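The values are calculated or read from the model by the stated rules, or taken from the named source; none is laboratory data. All values reported here derive from a predicted model rather than from experimental measurement. Positions of Cβ are generated from backbone atoms using ideal geometry, with glycine treated the same way; all protein chains shown enter the neighbour counts. Just the protein is used for accessible areas: all its heavy atoms, side chains included, with ligands, DNA and RNA removed. Shrake-Rupley method; radii C 1.70, N 1.55, O 1.52, S 1.80 Å.
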Amino acid sequence: MALDRPDLRARARAEREARTQLQARRVRRTVLRRDGMRSEVAGSDGSTRWLLNFCGNDYLGLASHFQVSGALQDAAALHGVGSGGSHLVSGHHALHDALEREIADWLQLPAALLFGSGFAANLAVVQGLLGEGDACVQDRLNHASLIDAARLAGCRLRRYPHADAQGALRQLRTLPEGAAMLATDGVFSMDGDIAPLRELAIVARVQQALLYVDDAHGIGVVGPDGRGSVAEARLDVEAVPLRLVTLGKALGGCGAVLAGDVDLIGHLAETARPYVYTTALPPAVAGAALTAVRIARHEHWRRERLTALVQRFRARALRLGLDLMPSETPIQPLRCGDNATALAMSAALDAAGFWVAAIRPPTVPDGQARLRVTLSAAHGDADVDALVDALATARDACADAARRTRP
Ligand SMILES: *Cc1c(COP(=O)(O)O)cnc(C)c1O
């Protein structure tokens with residue numbers, strides 16, 4: 001029988017065409033230089049321009065902090081670039097160790113384990129602990145890496161309505177056999193709201209499920225000393241045996257650290273495939289993160305500054321009738337609805353000198369495209385005021401354009 005397989009290039013072209021129709025194409029913008037929150041970006045015609053960045057995750061302004069860069073340079077001078085191996089063979093360095101101990105100390109937890117990325121750490125947690133016959137119950141809006149982790153683990157995956165602890169309980173009750181994990185983002189990455197961790201902890205306890213909190217956007221930003229959403233909810237390692245700290249957001253670097261229970265962390269360090277079969281991060285990257293963590297935990301003014309900017313942004317935006325989502329964190333999304341509106345708003349802001357990317361499905365649910373505005377302690381009051389004014393102007397221009405095109 002003759003084969004008639006689909007041609008993958010033809011399929012890729014067809015899917016790209018479909019994305020074009022839906023205004024769902026995604027393009028990268030190239031940054032040439034950065035100066036604080038301003039980025040010089042390349043245009044498609046070879047020109048370059050400076051934009052004020054309001055869509056990054058550098059919440060505390062540590063990504064270009066001189067002391068953090070200095071730590072990176074010093075450690076690279078001493079230890080070179082590559083780690084030269086995986087952690088279990090020959091790549092584990094004293095700076096990796098020091099970073100793990102610093103984070104465990106900061107979070108008042110017994111153990112910590114460094115990964116190359118948060119994505120890899122999430123794969124490790126779910127694959128390393130769950131298998132066939134087990135269950136992973138997750139918030140519908142959890143990060144893609146958690147969803148993929150459950151799929152790869154081969155366990156049953158059930159999703160509950162956003163921030164609905166009763167929904168989590170119902171899902172767990174339908175899966176009474178096998179081990180269970182209840183996994184949630186601490187601060188939701190595209191919405192900025194905080195998970196109902198105290199209620200989820202009760203559900204997890206009643207259902208004998210392990211509560212895992214991915215605190216990628218909470219660490220450094222919320223809770224006492226920036227210890228994150230779990231600390232903010234006053235939950236201990238019994239209630240939340242594992243949590244994820246990423247180093248690429250508020251901490252301004254890259255990589256991630258899993259922190260919590262000694263037995264669980266020890267198990268993952270020896271068996272989790274995304275930990276075992278990958279090259280350890282450059283020691284200098286760990287050295288930079290170590291400095292960033294020390295600044296994040298001790299310089300409270302950065303969090304105070306951020307809180308003040310969030311309040312300033314919200315007060316001014318709500319006064320101008322902007323459609324903000326309910327969030328107290330530096331993630332302050334503005335609802336747009338359809339992709340075309342989100343893209344038009346983003347383009348109008350770009351023309352005014354602001355970089356706010358349009359976030360569209362599948363990153364967010366269908367019909368919920370938005371501008372995900374993010375604030376940083378490195379923004380100025382005047383930056384925020386100018387952004388809000390530009391957002392209101394862009395909204396009015398988009399509404400006018402919509403009225404004109406309507407028959
Ligand atoms: C960014 C993010 C990750 C992935 O972390 P990386 O270190 O960027 O791979 C995981 N979970 C959440 C909620 C995130 O926002």
May I ask you to verify whether L258 is in a helix (DSSP H, G or I), open to solvent by less than 10 Å² (accessible area, probe 1.4 Å) and in contact with a strand residue (DSSP E or B) (Cβ under 8 Å, 6 or more places away or on another chain)? no
Verdict on I219 being out of contact with any Leu (no Cβ under 6 Å at 6 or more places or on another chain), open to solvent by 10 Å² or more (accessible area, probe 1.4 Å) and on the phi < 0 side of the Ramachandran plot: no
Among the candidates R297, R319, R302, residue that is under 18 Å from N57 (Cα atoms), over 18 Å from the mean Cα position of the chain (by Cα) and open to solvent by 30 Å² or more (accessible area, probe 1.4 Å): R297
Over the stretch 353-386, the set of residues open to solvent by less than 10 Å² (accessible area, probe 1.4 Å) and touching a strand residue (DSSP E or B) at 6+ places or on another chain (Cβ under 7 Å) is V356, V364, A369, R370, L371, V373, T374, L375
Of (1) buried (at least 24 other Cβ atoms within 10 Å of the Cβ); (2) free of Cβ contacts under 8 Å to residues at least 60 places away in the same chain, V187 fails just (2)
Any idea which of T341, T329, T291 is of a type in the set (S, T, Y), part of a helix (DSSP H, G or I), touching a strand residue (DSSP E or B) at 6+ places or on another chain (Cβ under 8 Å) and buried (at least 18 other Cβ atoms within 10 Å of the Cβ)? T341
Give the residue that is nearest to the ligand (Cβ to nearest atom), with candidates limited to residues of the stretch 205-221 that are touching a Ser or Thr at 6+ places or on another chain (Cβ under 9 Å) and of a type in the set (D, E, K, R). D214
Of the criteria (1) of a type outside the set (F, W, Y); (2) surrounded by fewer than 24 Cβ atoms within 10 Å (Cβ to Cβ); (3) in contact with a Ser or Thr (Cβ under 7 Å, 6 or more places away or on another chain), which one D225 fails: (3)
Selection count where residues are away from the ligand (no atom under 12 Å from the Cβ) and not in a helix (DSSP H, G or I), scope the stretch 229-251: 10
Does G131 satisfy the condition of being open to solvent by less than 50 Å² (accessible area, probe 1.4 Å), touching a strand residue (DSSP E or B) at 6+ places or on another chain (Cβ under 8 Å) and small (G, A, S)? no
Which ones in the stretch 374-407 are at pLDDT below 95, of a type outside the set (K, R) and in a loop (DSSP other than H, G, I, E, B)? P407
Can you name every residue in the stretch 305-316 that is surrounded by 16 or more Cβ atoms within 10 Å (Cβ to Cβ) and not hydrophobic (A, V, I, L, M, F, W, C)? R305, T307, R312, R314, R316
